[in-house]
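These notes are about the structure you will find just below.
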Amino acid sequence: MKFLDQTLNLRYREAPLDMRGASFRTLGYGVIDKIADLFDELPQRPVTTGESPQAIRQLLGPGGLPERGTPATHLLEEATELLFDHSLFNGHPRFWGYITASAAPIGVLADLLAAAVNPNVGAFMLSPMATEIEAQTIRWIADLIGYPSSCGGLLVSGGNMANFVGFLAARKARASEQADGSSVGIRPATVYVSQETHTWIDKAAELSGLGADAVRWITVNAHQQMDPVALEKQIIADRAAGCLPFLVVGTAGTTSTGATDPLPEMAAICRKYALWFHVDGAYGAPAAVLPDASPDLLGLREADSIALDPHKWLYSPLEAGCVLVRDPRHLVETFSHHPTYYNFNGGMEDSPINYHEFGLQNSRGFRALKVWLALRQVGRAGYREMIGDDIALAQALYAAINTYPELQAVTQNLSITTFRFVPLDLPHDPPAVAVYLNKLNEALLNCLQKSGEAFVSNAVVEGNYLLRSCIVNFRTTLKDVEALPEIVIKLGRQLDTEMRSQFFSIQNVLEAV
Ligand SMILES: *Cc1c(COP(=O)(O)O)cnc(C)c1O
């Protein structure tokens, strides 16, 4: 009897997760309506509610894994409310923290569409259209920044992964003795980065097995750019000491201040010593599309590999990173394996692209769609306009800050502006004042971030704690950036009143001891 019931059920199966057209349509329209309202309301909402982890946890309640299901209508309403009322919105016109973009609405729809078709972009056979769209996206990203579109490349989760892929390709190509893992008589492989290089290099050095000691941190000049003379000296010294220099990393737009290393000089050094030249353009590479891009930045065209984050300056929703490698064979040599259970080339007339051979991932989602659709929606001209406007706004912010006596603008590169609050009539005690200003600006940043009025992050430049605004946000207007100085000054004055007398009285006591 039981068996018959089950057979019948299986014949007319209704799986708990399944949803037919009519319900999907109703639920889907409901969600889309709410998202559309959210986009319109963003400027009126706080950037963030600044709630504590505990407060957020309480909203979810202590409940364990549910034994039974809940109707999807209810769940989607609840999830929408939880997220809309308790999130930080990097799509808010006044979000300028770290380097996270406003996400293009077409990218939001693209992710929905991609998930609906759900191609596995690890192999062409499992994702014919998606694979070719990704390949076209890679060629277009290369074209956007003036890199040869004959390059190889793929989309990955973000800049960390894109840089890691470039790093591994470099090691395979130029330090294969390390890549192959033979340990007899091998020379210690060394990598050259500037002191301003993003922390992905720490992970890459450790996870590749080379170790932290393999990294040579080259000094930077007063503009946070790598000193190419120091670079060459270090390479020569390391070679003389029996090391195997194999990779130089230049940055196009550093995370802290947006500085770009002298990429053409670094490329020349790489050619001279036959080293792999990787450019970390996770943030800044798309600025190469601008007609007035600096020669330093355009030097990225000479790289053997480039990392670039569509989820930064191409305004894709998270996640989308991209790595380009001049000669595609290097990716295949680094990552391609052919287990017996794959039959991905069988019977195809021309050989397909199977992306599992190009990187670390096996099953892969369709990240390319959101990037591809945005590139098509606005074209090169649209990106030129948006990136140019972001930079112009960052420059306008720098100029605005300079008009306030209590604010000090410090750096301005690409779309990153750094500055700090410096109250008037500080005591004349330079070492103590320097310490105080760092404490004051750190406290100011913490208050500002929680306030929801605007969101910036921080940078430390030459020992000074600075506020840092990075505009990768097509929703930001001049009115938004011009509002920032007064928000900062209002908070700065309050904190100064609370902190100053206490700080300097303790300082006096310390000095008296
Ligand atoms: C953001 C950034 C990274 C890391 O990228 P993720 O996408 O956050 O992994 C690496 N390098 C630079 C220069 C960056 O700005």
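List of remarks:
- Taking one quarter of the surface of the convex hull spanned by the alpha-carbon atoms of the chain gives a direction-averaged projected area of 32.7 nm².
- Spatially proximal lysines relative to Lys203 (Cα-Cα < 29 Å; intrachain offsets below 8 disregarded): Lys172, Lys233, Lys272, Lys312, Lys370
- Using a probe of 1.4 angstrom and keeping all protein chains present, the accessible surface of the chain works out to 49 square angstrom per residue.
- Remark: relative contact order (the range 387-512) = 29 percent; criterion is Cα-Cα distance under 8 angstrom and separation of 6 or more residues.
- Residue ranges 133-143, 403-413 sort as 133-143, 403-413 when ordered by packing (mean number of other C-beta atoms within 10 Å per residue, highest first).
- Taking amide H as placed 1.01 Å from N in the peptide plane, Ser157 has its amide H under 5 Å from the amide H of Gly321, each at least 5 places away in sequence or on another chain.
- Here the Karplus relation 6.51 cos²θ - 1.76 cosθ + 1.60, evaluated at θ = phi - 60°, turns the backbone of the range 426-442 into coupling constants of 6, x, 8, 7, x, x, 5, 4, 4, 5, 4, 4, 5, 5, 5, 6, 5 Hz, with x for every Gly and Pro.
- Relative contact order [Cα under 8 Å, 6+ residues apart], the chain, whole percent: 20
- The share of accessible area on the range 387-512 that comes from carbon and sulfur is 55 percent, using a 1.4 angstrom probe.
- Ordering of 382-391, 298-307 by burial proxy (mean other Cβ atoms within 10 Å per residue, highest first): 298-307, 382-391
- Scaled radius of gyration (Cα, divided by 2.2 N^0.38 Å) that the range 387-512 gives: 1.10
- Taking all protein chains together and a 1.4 Å probe, the residues Tyr192, Tyr98 rank Tyr98, Tyr192 from largest to smallest accessible area.
- Mean projected area of the convex hull spanned by the Cα atoms of the range 307-423, taken over all viewing directions: 11.2 nm².
- Scalar couplings 3J(HN,Hα) for the range 138-150, obtained by applying the Karplus form with A = 6.51, B = -1.76, C = 1.60 to θ = phi - 60°, are 4, 4, 5, 5, 4, 4, 4, 9, x, 9, x, 7, 7 Hz; x denotes Gly and Pro.
- Net charge dipole size for the range 334-401 [Lys, Arg +1 and Asp, Glu -1 on Cβ; Debye, nearest 20]: 160
- The charge dipole of the chain, taken about the Cα centre with unit charges on the Cβ atoms of Lys, Arg (+1) and Asp, Glu (-1), comes to about 800 debye, rounded to the nearest 20.
- Spin-label pair Val332/Trp217, simplified geometry with 7 Å Cα→Cβ offset, distance in nm: 4.0
- Projecting the Cα positions of Ile201, Ala173, Val47 onto the charge dipole of the chain (unit charges on Cβ atoms of Lys, Arg, Asp and Glu, taken about the Cα centre) puts Ala173 furthest along the positive direction.
- Taking amide H as placed 1.01 Å from N in the peptide plane, Arg475 has no amide H partner under 5 Å among residues 5 or more places away or on another chain.
- Antiparallel bridge percentage (DSSP; both residues within the chain; nearest 5): 60
- The phi torsions of the range 217-224, fed into the Karplus equation with coefficients 6.51, -1.76 and 1.60 and a -60° offset, translate into couplings of 8, 7, 5, 10, 7, 5, 9, 6 Hz, rounded to whole numbers, with Gly and Pro shown as x.
- Over the range 1-153, Cα pairs under 8 Å with separation of 6+ residues give a relative contact order of 17 percent.
The values are calculated or read from the model by the stated rules, or taken from the named source; none is laboratory data. Just so we're clear, the structure is a prediction, and the values are computed from it rather than from any experiment. Note: ideal-geometry Cβ built from the backbone for every residue, glycine included; neighbour counts use all protein chains shown. Quick note on the areas: whole protein, heavy atoms, side chains included, nothing else; ligands and nucleic acids left out. Shrake-Rupley method; radii C 1.70, N 1.55, O 1.52, S 1.80 Å.
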